Structures are given as structure tokens and as C-alpha cells.
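Asks: A single structure is presented below for examination.
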Amino acid sequence: MIEGKKTAFDKIIWLVSSLLFVAGVLLPMFSFNQFVVFHDRFSLFESVVYLLKEKEWFLSVALFVFSILAPAYKLYLLGILLRNKETDTRIKAKIIKKLAIISKWSMADVFVVAIIVSTVKLGIIANVTVHIGIVFFGLAVLLSMLLVHRQMSKYEFTEKGQDTGKEIAE
């Protein structure tokens, strides 16, 4: 693929991933039905607020940091790389290092654990229904992982994982 088309494709992936991420955070992800009478619907953001109201500080902070803040920061770093205004390869390599670190911590498994914890607390008296927000969020995570991989593949790393500061010529 020609470099200009590859960069344009990456920018499209970034834009779609960013839009899916915002939609995934704000749209309902799941609903709880209790005794056929009570029906609660939650987005990821609403879940964080609800946990705060319930004084579940640790879960609220963990959910916010790992499922909202870290992926948003990863998309921000990818946006910086894709704008390609930085000509210093050492600075680009630092951004790539940050991406490698944040990618390890912004995985959706923390979010899945939070859902499992909340459903276990409900017991047998409730049903959980999944909504479109979780699909959008999952797609955003997968696309951002793909984009990180595509960006990191442009750089040379030593055996210890240290970058050499050199971009690989394509």
C-alpha cells in the first residue's frame, strides 16, 4: 500500500474508532430487569456515576481509569502520531513507548470484570440484557488495538523492547 493511502486509511480507522468509543461510553451497554417491575439501563459513563453514588469508590475509579480514561488517552496519542507534524523520530518513539504501555492497561477486560461483579451481586432475581453500547465500545477497542499495532510496526525495537529511535523505511 502506498504510504499516503496507508496514512489516510489509518486516519479513517482512528476517526471511526474515536466515534465508536464516544458512542460506546455514552449509549446504554446493558440493562437489569428485576422482578419484571424494575428496569435499569446503564451506559459505561452512567455506571461510573452510579458506582460513585453507591460509594463504591474503588470500582468507580478503576472503571473510569481503565475503561474510559486509558482508551481516550490512547486515542489521543494515536491522533498525535497520525497528524504526523512531529519530525523528530525520538519524540515519535517516546509516543510509541507510551502507546505500548497504555495499551497494556486500557483493555476491556477490566470492564468485563466490572459487569461480572455487578451481575453476581444481583443473584438469580435479575436478568441482564446487553445493548448496542457494548458492541460500539468493543469495536472501538479492537480498532484502536489494530491501529496501535500498525503504528508500532513502523519502529525498530531492540531485544529488550527498547526502541532504537529509528523508523523503519517501507
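Asks: Let me cross-check MET145: its accessible surface, 1.4 Å probe, with only protein heavy atoms counted, in Å² to the nearest 10?
Replies: 80
Asks: Okay, next question. Between SER43 and residues 5 or more places away or on another chain, which pairs have amide H atoms under 5 Å apart, with H built 1.01 Å from N, and which residues are they?
Replies: Answer set, sorted by chain and number: MET29.
The values are calculated or read from the model by the stated rules, or taken from the named source; none is laboratory data. These numbers were taken from a predicted model, which means no experiment stands behind them. Heads up: the accessible areas ignore ligands, DNA and RNA and are worked out on the full protein's heavy atoms, side chains in. Shrake-Rupley method; radii C 1.70, N 1.55, O 1.52, S 1.80 Å.
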